[in-house]
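J.: Here it is, the structure, as structure tokens.
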Amino acid sequence: MSEQKISEHRLTQLKALEAESIHIMREVVAEFRNPVMLYSVGKDSSVMLHLARKAFYPAPLPFSLLHVDTGYKFKEMYEFRDNYCKEVGADLIVKRNEDAIAKGVNPKEHGVARCCGALKTKGLLDALEEGEYDAAFGGARRDEERSRAKERVFSLRDEFGQWDPKDQRPELWSLYNGKIHDGESVRVFPISNWTEMDVWLYIREENIPIVPLYFAKERLMVERKNFLIPYYEETKDQLLEGEEPKMIMSRFRTLGCGPCTGAVHSDATNMDEIVIEAAAARRSERETRIIDHGSNSMEDKKKEGYF
Amino acid sequence: MTELNIKMTKEIELLRLVTVGSVDDGKSTLIGRLLVDTKGAFEDQLLAVRKKKGTTHIASAAEIDLAMLTDGLSAEREQGITIDVAYRYFATPKRKFIMADCPGHEQYTRNMVTGASTAHAAIILIDARNGVLAQTKRHTHILGLLNIPHLIVAVNKMDLVDNDQNVFNQIRSDMKEYCAKQGINDLICLPMSALDGDMVAVRGDKMDWYKGETLLETLETLSALGGIDSKPFRMPVQLVNRPQTAELPDYRGFMGTIASGTVKVGDEVVSVPSGNTSTVKEIVTFDGNLEEAFAPQSVTLTLNDEIDVSRGDMLTHVGDKASDSKVLTANVCWIGDEPLTNRSKYVIKHTSNSVKAMVASIDFKTDIHTLDHLEDADELAMNEIGQITLKLMKPLHYDSYVDNRTTGSFIMIDTFTNNTVGAGMII
Ligand SMILES: Nc1nc2c(ncn2[C@@H]2O[C@H](COP(=O)(O)OP(=O)(O)OP(=O)(O)O)[C@@H](O)[C@H]2O)c(=O)[nH]1
Ligand SMILES: [Mg+2]
């Protein structure tokens, strides 16, 4: 295929998206003093990291990866993170809101909004401030959620890390305006134009390693409303009354924190099957994220500085 | 989806679309309709915009508020208007579409320019009851300046004028006349009802007098986008790659996105502005070196000679150089809050280059109704369009915008606020 495609000089849509993402990353490295890449260990981060390796090859990555950890991630995620970052030679920085973690902030007692606010939003804002980063890459996609569909590729943040969706900078052609005042920063979304389907197709095409939780397996799960909640011995006190863990063939479409991310019933054990399943999906991946429920929550969180 | 389908999905082409037109003409409704009819929206996203609380299953588009599917900000839903561009995605077996839904309100014209700048095709919506309005003209004129390859006029809300063919014909001839004035003769016109879905993805049975293609058929069959690979080779250098690692102590690669044309190993290239020449040694990518690369690939080039090349320089073929000048004349859409005035200074970002510039003259302002040139203008206020001449601190290497969107466009940045205040298209 590639012989023929090259002689036609036509890029397939995935290759066109790849070229655009690489262009964006290079602009950021050229124009900002101290960029960092937010790395959440999920599939979108995996694609973003892979694109970054392509963008700067054969040089090593010209920025660090920053994982804002809540302490509630799945243990498979920590394992994968540490191994993979070592394998590709990425410099990984892990930051946590230690105050909140010491106070035992959790979604069950404090509610999802407050828990996320403390562990994720505050954790992120503190880490960005401490590192004095003026640009942070994020792997958010516009197709994820309707307020994300509104965001620029270069998204300006004031000194409090806040987003003003009603007054965004015009963004024309592929000319990104990287000029900011002291204290301001940008969040940059190099895979803005990728859809969930593109991400899966690309992972399949490029053989990008991802956390094994994305593949279906018999797993110990608790069924709660429409969700499948993974069950771990360590977190058994989080069970609600009457809940019984059982083995269920399942996988994750998106990975977040253990207590707030559900799995889906699935038999997809390899990338082909995942792509086929993604094509047939009738509900969005964000539905398995508890943070997105309730009216308008993503937009409000993003205004406050949420990733 | 089968193995074969997976392959096709990977290989289909990308088409960037934009919807424009006056406020309330139905742009967001149309995108909602396209998403629903092509299954580009998920059930939970549809349920979030259901009209009746308590609905648990959406059987038809009539049960949801189509515009709310794309009006993603709370302020937009409160006011029932679009404020900023929304980017939405859908695919058919033939193409993948990136759809920018622009606001119609004049106040947000800058967001419309944002959404339209990268489009291959634009759908201009017109409310059949109102016909061609000032904002329709403004948007159409901007699309003309942006040189969008395909313009589609969709006369919407035909259901509110009894699907009357005469209404459609009148609006079509008004638009043809307006477009002809600025040299746009290639217009596709179709009647539709975004709300009911007639002539969007399906024909419906209310407008049998219209024999042309539906909107979706039109979008799927618009002529191919290619062509930039056959233009002269241009690669603005974004960065110089100098790993300085033990394995690659002396490596120097020039990183950039090919703006146009094709480059091969062995080609003789010149770096402007220095004028130094060399030949291409390697075309480096993570997936292995290439013999040939073409627009819009992002690559890294190494050269056979140690010549001085840095960010902001441009590599071209020897003998096929871009124009260079310290004086530029350009069409501009002014999108800043403060008006553009004579002798004021801005930073111009052009490809990977930023230079200081001063407005040497405002050549004219365009009356968007008549397209007349008003030559005594002393400023361009927000949302106004005109032609200006800029004096630059150092020369830029460029092509005219109609020849090359990338090397012919620039943005103007206010040096005090850092905001993007102008969109320029070099003549
Ligand atoms: N009857 C009828 N109503 C329509 C049609 N298309 C849109 N509408 C209605 O027109 C109103 C405005 O539609 P929107 O889609 O929000 O218009 P818009 O062009 O996106 O408006 P802005 O983004 O604010 O410029 C809504 O009440 C729609 O339901 C149509 O084909 N027929
Ligand atoms: Mg709208």
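J.: Please tell me if B:Lys176 is within 14 Å of another protein chain (Cβ to nearest Cβ), surrounded by fewer than 17 Cβ atoms within 10 Å (Cβ to Cβ) and either away from ligand 2 (no atom under 16 Å from the Cβ) or at negative phi (or both).
T.: Details: within 14 Å of another protein chain (Cβ to nearest Cβ): no; surrounded by fewer than 17 Cβ atoms within 10 Å (Cβ to Cβ): yes; either away from ligand 2 (no atom under 16 Å from the Cβ) or at negative phi (or both): yes.
No: the conditions fail for B:Lys176.
This table checks each residue for (1) more than 18 Å from the chain's Cα centre (by Cα); (2) of a type in the set (A, V, I, L, M, F, W, C); (3) open to solvent by less than 10 Å² (accessible area, probe 1.4 Å).
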position: A:Gln13; (1), (2), (3): yes, no, yes
position: A:Met25; (1), (2), (3): no, yes, yes
position: A:Lys43; (1), (2), (3): no, no, yes
position: A:Gly71; (1), (2), (3): no, no, no
position: A:Glu76; (1), (2), (3): no, no, no
position: A:Ala102; (1), (2), (3): yes, yes, no
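J.: Right, something else. What pairs come out if I take residues in segment B:68-93 that are free of Cβ contacts under 8 Å to residues at least 40 places away in the same chain and pair them with residues that are assigned to a strand (DSSP E or B) and of a type in the set (Gly, Ala, Ser) whose C-beta lies under 6 Å away, six or more apart or interchain?
T.: So the pair list comes out as B:Gly72/B:Ala86; B:Val85/B:Ala100; B:Tyr87/B:Ala100.
J.: Something else: Restricting segment B:16-60 to residues that are at pLDDT below 95 and on the phi > 0 side of the Ramachandran plot, which is least open to solvent (accessible area, probe 1.4 Å)?
T.: B:Gly54
J.: Might you check whether a residue that is part of a helix (DSSP H, G or I), in the same structural domain as A:Gly117 (by TED's automatic domain parsing) and open to solvent by less than 20 Å² (accessible area, probe 1.4 Å) occurs anywhere in segment A:82-92? First the steps, then the outcome.
T.: So in segment A:82-92, the residues part of a helix (DSSP H, G or I) come out as A:82-88.
Applying the additional criterion that residues be in the same structural domain as A:Gly117 (by TED's automatic domain parsing) yields A:82-88.
Right, trim to open to solvent by less than 20 Å² (accessible area, probe 1.4 Å) and you get A:84-85.
Taking every residue of segment A:82-92 in turn, at least one turns out to be part of a helix (DSSP H, G or I), in the same structural domain as A:Gly117 (by TED's automatic domain parsing) and open to solvent by less than 20 Å² (accessible area, probe 1.4 Å).
J.: Only one residue in A:Asp44, A:Asp69 is of a type in the set (D, E, K, R), touching a strand residue (DSSP E or B) at 6+ places or on another chain (Cβ under 8 Å) and more than 12 Å from chain B (Cβ to nearest Cβ), so which one is that? Don't jump to the end; show me each part of the working.
T.: Details: A:Asp44 fails: touching a strand residue (DSSP E or B) at 6+ places or on another chain (Cβ under 8 Å).
Unique residue meeting the criteria: A:Asp69.
J.: Give all pairs with beta carbons closer than 6 Å in which a residue from segment B:133-160 that is within 16 Å of ligand 2 (Cβ to nearest atom) meets a residue that is open to solvent by 30 Å² or more (accessible area, probe 1.4 Å); count only pairs at least 6 apart in sequence or on separate chains.
T.: Every condition considered, the pairs that remain are B:Gln135/B:Glu106.
J.: Let me ask something else about it. Hey, any hits in segment A:150-162 for a residue that's surrounded by fewer than 16 Cβ atoms within 10 Å (Cβ to Cβ) and either among the hydrophobic types (A, V, I, L, M, F, W, C) or under 30 Å from A:Lys75 (Cβ atoms) (or both)? It would help to see each step written out before you state the result.
T.: Taking segment A:150-162 as the starting set, the residues that turn out to be surrounded by fewer than 16 Cβ atoms within 10 Å (Cβ to Cβ) are A:158-160, A:162.
When the remaining residues are screened for being either among the hydrophobic types (A, V, I, L, M, F, W, C) or under 30 Å from A:Lys75 (Cβ atoms) (or both), the result is A:160.
Yes, segment A:150-162 contains a residue that is surrounded by fewer than 16 Cβ atoms within 10 Å (Cβ to Cβ) and either among the hydrophobic types (A, V, I, L, M, F, W, C) or under 30 Å from A:Lys75 (Cβ atoms) (or both).
J.: Something else now. Out of (1) in contact (Cβ under 8 Å) with a residue 40 or more places away in the chain; (2) open to solvent by less than 10 Å² (accessible area, probe 1.4 Å); (3) of a type outside the set (D, E, K, R), what's the single condition that is false for B:His105?
T.: (2)
J.: Given the criterion within 15 Å of ligand 1 (Cβ to nearest atom) and more than 14 Å from chain A (Cβ to nearest Cβ), identify the matching residue among B:Ala154, B:Ala121, B:Ala75, B:Ala100. Step through it out loud before you land on a result.
T.: On the way: B:Ala121 fails: within 15 Å of ligand 1 (Cβ to nearest atom); B:Ala75 fails: more than 14 Å from chain A (Cβ to nearest Cβ); B:Ala100 fails: more than 14 Å from chain A (Cβ to nearest Cβ).
Going through B:Ala154, B:Ala121, B:Ala75, B:Ala100 in turn, the sole match is B:Ala154.
J.: When you scan segment B:351-369, do you find a residue that is in contact with a His (Cβ under 6 Å, 6 or more places away or on another chain), within 14 Å of chain A (Cβ to nearest Cβ) and either loosely packed, with under 14 Cβ neighbours inside 10 Å or within 30 Å of B:Ala134 (Cβ to Cβ) (or both), even just one?
T.: Within segment B:351-369 (the criterion being in contact with a His (Cβ under 6 Å, 6 or more places away or on another chain), within 14 Å of chain A (Cβ to nearest Cβ) and either loosely packed, with under 14 Cβ neighbours inside 10 Å or within 30 Å of B:Ala134 (Cβ to Cβ) (or both)), the answer is no, since none of the residues qualifies.
J.: Let me ask another. Any idea which residue in segment B:78-89 is farthest from B:Leu35 (Cα to Cα), counting only those that are more than 11 Å from ligand 2 (Cβ to nearest atom) and within 9 Å of chain A (Cβ to nearest Cβ)?
T.: Filtering segment B:78-89 for residues more than 11 Å from ligand 2 (Cβ to nearest atom) gives B:78, B:87-89.
Remaining after also requiring within 9 Å of chain A (Cβ to nearest Cβ): B:87-89.
Working: B:Tyr87: 12, B:Arg88: 8, B:Tyr89: 8 Å.
Ranking the qualifying residues of segment B:78-89, first place goes to B:Tyr87.
J.: Something else about it: Restricting to segment B:78-92, give me the number of residues that are open to solvent by less than 20 Å² (accessible area, probe 1.4 Å) and within 12 Å of ligand 1 (Cβ to nearest atom).
T.: Matching residues across segment B:78-92 total 5.
The values are calculated or read from the model by the stated rules, or taken from the named source; none is laboratory data. Quick caveat: nothing in here was measured; it's all calculated off a predicted structure. Glycine also receives a Cβ, built like all others from the backbone with ideal geometry; neighbour counts cover every protein chain displayed. Please note that ligands, DNA and RNA were not included when accessible areas were found on the heavy atoms of the full protein model with its side chains. Shrake-Rupley method; radii C 1.70, N 1.55, O 1.52, S 1.80 Å.
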